[in-house]
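Notes for the one structure printed next.
The values are calculated or read from the model by the stated rules, or taken from the named source; none is laboratory data. Predicted model only: the values in this text are computed from it and were never measured. Reconstructed Cβ throughout: ideal geometry from the backbone, glycine too, with neighbour counts over all protein chains shown. Accessible surface areas use protein heavy atoms only, side chains included; no ligands, DNA or RNA. Shrake-Rupley method; radii C 1.70, N 1.55, O 1.52, S 1.80 Å.
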Amino acid sequence: MTQMDTQIGKLKQVLAAMGDQARSMVDLGISVLETRDAAVAEQVIASDLELNRFETQLDHMCERRLALQEPFATDFRFIFSAIKTTRDLERIGDEVKIVARWGPKLPGPASDALVSMAKQARAAVAGVVQAMVALDAEAAEQIIQDDAAIDRLELEIIQGTESVPEAFIAHALERVGDRAKNIAENIIYAVRGKDVRHLDDA
């Protein structure tokens, strides 16, 4: 095993830990929707600090690998993708904080559509973290396809609700899905060297 292999292995470990932290935050955010517990909401906000620390640590690790070891081909693509992925994981945390802040303000139980949307967003994050660790491009493709269902639920909720908290939560969950989709695109680039962003826009 080369020095680069060792360093890439360490980078993958820290990236997986950051992914687990983001997934845990999403679980807590969904718990806020279910319980309206302000104390759990505070846990979400506090746990975001750890996600921010992971982002800084990973950025520094990636910078050192690029500057000192000049990786090529697959290793370069993985490091380049990791830099973007850490940003998306951190922003997932930011969106979950919005869910946590507005959850206790819901005027009644979360609607069936909002509960479904939260579960699908959670599944997207959990799935993309697993795909990221395994560098599973096929699983990443499925996550990209599934994002359309989250988008449809957001539109349904925004058009049908008069609740400001519900609208803010729905938008935040849609952004969580978008971030998971971004990470899935990063995985495909790292594995296949193919940029699949914006293909639907053509």
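Would you pick out the residues in the range 114-125 that are in contact (Cβ under 8 Å) with a residue 24 or more places away in the chain and either polar (S, T, N, Q) or surrounded by fewer than 18 Cβ atoms within 10 Å (Cβ to Cβ) (or both)?
Selection gives 115, 116, 119, 120.
So which residues in the range 13-36 are open to solvent by 60 Å² or more (accessible area, probe 1.4 Å) and of a type outside the set (S, T, N, Q)?
Scanning the range 13-36 gives 20, 23, 27, 34, 36.
Identify the residue in the range 49-96 that is among the polar types (S, T, N, Q) and over 19 Å from the mean Cα position of the chain (by Cα) and, among all such residues, is nearest to residue 121 (Cα to Cα).
Among them, the one singled out is 74.
Please go through the range 21-54 and give me each residue that is closer than 21 Å to residue 82 by Cβ and in contact with a helix residue (DSSP H, G or I) (Cβ under 6 Å, 6 or more places away or on another chain), ordered by number.
Within the range 21-54, 21, 22, 23, 25, 26, 48, 50, 51, 54 meet the criteria.
Here is a check on your reading of the model: is residue 149 in contact with a Lys or Arg (Cβ under 9 Å, 6 or more places away or on another chain), in a helix (DSSP H, G or I) and either at pLDDT 95 or above or open to solvent by 50 Å² or more (accessible area, probe 1.4 Å) (or both)?
Criteria not met by residue 149.
Filter the range 41-82 down to residues that are among the aliphatic types (A, V, I, L, M) and surrounded by fewer than 18 Cβ atoms within 10 Å (Cβ to Cβ), then give me how many there are.
7
Specify the residue that is most open to solvent (accessible area, probe 1.4 Å); the eligible residues are those in the range 152-202 that are assigned to a loop (DSSP other than H, G, I, E, B) and either among the charged types (D, E, K, R) or touching a residue at least 40 places away in the same chain (Cβ under 8 Å) (or both).
That would be 162.
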